[in-house]
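Just below is one structure, and these are the notes that go with it.
No value in this document is a laboratory result; all are computed from the given coordinates. None of these values were measured; they are calculated from a predicted model. With ideal geometry, Cβ positions are generated from the backbone for all residues, glycine too; neighbour counts draw on all protein chains shown.
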Amino acid sequence: MFSFDIKARLSHSKARSGIFDTPHRKIRTPELAIVATDAQLKSLPNEMLHELPNPYFIVNTYHTYTKEIIPNIEKRGGIHTYMGLEDRTIATDSGGFQVFSLGFGRKHKIGKILPSKEQYLAIGEDDSANPIQITEEGVKFEFDGKPLELNPEISMDLQHKIGADIMMAFDECTSPLNSYAYIKESMERTHRWLDRSIEAHKGHEHRQALFGVVQGGEYEDLRKRSASVVGSKDVPGFGIGGSFGDFKEALGTTVGWVTDILPDEKPRHLLGIGKIRDIFAGVENGVDLFDCVIPTREARHRMLYTKKGRLYLRKLKHLDDPIDPQCSCFACKEKIPLHQLWDWFLAYDSRATTYMTIHNLWFYAQLMQEIRESIEQKTFFQLKETYYKYY
C-alpha cells in the first residue's frame with residue numbers, strides 16, 4: 001500500500017526527487033504539506049480545498065482532540081471525506097509538538113529555532129518548570145480547565161480515528177533553551193515512546209504509515225544517536241522533529257547529520273519547517289517532505305509570496321499592480337489589484353484573506369514543482385540562488 005521510489009538524484013548533494021505512493025494519492029517529492037490545524041483552513045471552507053493545486057495536507061491531532069472534532073470526523077468516514085480531499089494525501093502529527101509550544105515554548109516565547117546566537121546568550125539555557133507535566137507514561141495538561149492526557153497509546157488511537165494516510169509516532173519536541181542533559185533524557189524517552197507507538201499501531205499498517213520521529217536538538221551526537229535508533233525500526237518513513245538550536249543558518253547541517261544515517265530508501269519529513277531558505281537547505285540535505293503554517297498564517301497577516309519576494313500590503317506604494325504576473329491562482333487570473341485586497345482588509349471583508357491564502361498556497365505548490373524539476377534537470381543550485389536573491 002505504501003512505497004517510495006527515488007526517480008532522480010543530484011550529484012554533489014543529497015537532494016533527490018521521487019514518488020511516495022499512499023492509499024489516496026501518489027505524491028511527487030519534495031513536497032510541502034499544507035497545515036489544516038483543526039481539519040480546515042481558517043480562510044477557506046473545506047468545499048474549496050479540492051480546487052487547490054496542493055497534493056499534501058497535515059492535520060493537528062492535539063487540536064482535533066481538544067476541540068472534540070474527531071467524533072465528527074469519524075461520523076463522516078474519516079478525514080479525507082470530512083475535508084473533501086479524497087484525492088489528496090493527508091498526514092497527522094502526534095500532538096507532541098504541542099507539549100513544547102503550549103508548555104516551555106509559550107512560557108519563554110520561543111519557537112523551534114532562535115533568531116540569533118545573541119538572543120540565545122541573553123536568555124541562556126533553561127530547564128525551569130514546564131507548565132505541562134511530562135513523565136515516562138505521557139503528558140498531562142489542562143484544556144479549558146479540564147485535565148487531559150496524551151501518551152503513545154492515546155495518540156495512536158486518536159490518529160487511527162482520524163484516518164490519515166501518514167501518522168507520526170508520539171514524541172517530545174524540546175526547546176533550544178533546554179540543556180544537553182534534558183534533551184538527551186527527552187530523546188531517550190521519545191525512543192521508548194516510539195516502541196509503544198509501534199505496538200499500538202499493529203493491525204493498521206496497511207491503511208496508515210507510521211513515521212518514527214528523530215529528536216536530539218542541535219547536538220550532533222544526539223541527532224546521530226536518534227537517527228540510528230529510529231532508523232533501525234521497521235517503519236515506512238521518518239519525521240525529523242525537535243528544535244534546531246540558536247543557529248538557524250545551520251539547519252541544513254543538523255538535518256544532514258540525520259539523513260546521513262536514516263535508511264536511504266524511505267521518505268523523510270522535516271516537521272514544522274517551511275521558510276523558503278530552510279526548504280532549500282532541507283532538500284539539499286536529503287529531505288523529501290515538509291509542513292508549515294507560513295503560507296496560510298502570513299496571508300492572514302497581509303503577507304503575499306511572489307517570485308520577487310514577500311509583499312506586505314501595509315508597506316506597498318504601488319497598489320495598482322497585480323499580485324504576481326507569473327502566477328495562475330484565482331486571484332491572479334482575475335487580475336485583482338493589490339489595492340483591492342487592501343480595501344477588503346480595511347473593511348474586514350473575508351475575501352482579502354481568502355484570495356491571499358489561495359495565492360500563497362499556489363505559490364508554494366509552484367515552488368515545490370520547480371524544486372522537483374530542478375533536481376531532475378540538474379539546475380537545483382541555480383534555482384536556489386534565484387530564490388535566495390529575494391528570500
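Run the dipole for the chain about the Cα centre, Lys and Arg Cβ at +1, Asp and Glu Cβ at -1, nothing else charged, and hand back the magnitude in debye, nearest 20. Roughly 1060 debye, rounded to the nearest 20.
Remark: for residue pairs Lys275/Lys308; Lys224/Lys378; Lys42/Lys315; Lys42/Lys275; Lys42/Lys384; Lys307/Lys333, the C-alpha separation exceeds 27 Å in Lys224/Lys378; Lys42/Lys384.
Per q in 0.13, 0.19 1/Å, what log10 I(q)/I(0) does a Debye calculation on the alpha-carbon atoms of the range 241-339 return? Computed log10 I(q)/I(0) values: -0.61, -0.93.
For the range 242-294, the fraction of alpha-carbon pairs lying more than 19 Å apart is 17 percent, rounded to a whole number. Per the Debye formula with a single identical scatterer at each Cα and no solvent contribution, what log10 I(q)/I(0) holds for the range 278-391 at q = 0.19, 0.24 Å⁻¹? After summing over all Cα pairs, the log10 values are -0.99, -1.38.
Annotation for the range 1-58 versus the range 205-238: alpha-carbon center distance of 20 Å.
As an exercise, use a Förster radius of 30 Å and the Cβ-Cβ distance of Tyr391 and Lys42 to find the FRET efficiency, rounded to the nearest 0.05. Computed FRET efficiency for Tyr391 and Lys42: 0.80.
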